[in-house]
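For reference, the structure discussed in these notes is given below.
Just so it is clear, none of the values below were taken in a lab; they were calculated from the coordinates. Predicted model only: the values in this text are computed from it and were never measured. When we count neighbours, we look across all protein chains shown, and the Cβ atoms used for this are built from the backbone with ideal geometry, even at glycine.
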Amino acid sequence: MSAPQFAHVDAYIASFPQSIQDCLQQVRSVVRAEATDAVETIKYNMPCYVLHGNLVYFAAFKKHIGFYSTGAGNPDIDRALQGYTTGRGSVQFPYTAPMPLPLIAQIVRYRVAQNKAKATVAHNL
């Protein structure tokens, strides 16, 4: 049996129990507030935000929210991510602690700046 395919973020979030929906909505609200011009979509069957290319993704798992495109290489963000399980461009925010919304906001702001800078360089070539 294959996993359900989601047409939009509301359907994705609604597919989880209420406690996880609350976490997903918190993350979604922060991303939308920090990346007001980003387009919200579903890619790889998870919420994705696009602004001059893919900006960030997030997804719910059994024990955590996975957040993708972490802004690695920014020393402040790298320090803030210590203590979390991280992978290449990803971090896991466990449900056992409040979602680190200020950190998520910082990551999104950094990613917006990165994507805008890349778009400016590409436009000027």
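Miscellaneous remarks
- Under-5 Å amide H pairs with N54, H placed in peptide plane, nonlocal only: none
- Distance between modelled label sites at S19 and Y44, nm, 7 Å Cα→Cβ extension: 2.7 nm
- The chain: relative contact order as a whole-number percent, Cα under 8 Å and 6+ apart: 23 percent
- Equivalent ellipsoid semi-axes, the chain, via Cα gyration tensor eigenvalues times 5, rooted, Å: 24, 19, 12
- Each principal axis of the Cα cloud of the range 50-97 was taken in turn, and the coordinate range along them, longest first, works out to 33, 23, 16 Å.
- For the range 17-108, the list of trypsin sites (Lys or Arg not before Pro) that fall in a loop by DSSP and count at most 16 other C-beta atoms within 10 angstrom reads K62, K63, R88.
- Once the Cβ-Cβ distance of K63 and A119 is raised to the sixth power relative to R0 = 35 Å, the FRET efficiency obtained is 0.45.
- Taking the charge dipole of the range 9-119 about its Cα centre, with +1 at Lys and Arg Cβ atoms and -1 at Asp and Glu Cβ atoms, the residue from S15, H52, Q25 reaching farthest to the positive side is H52.
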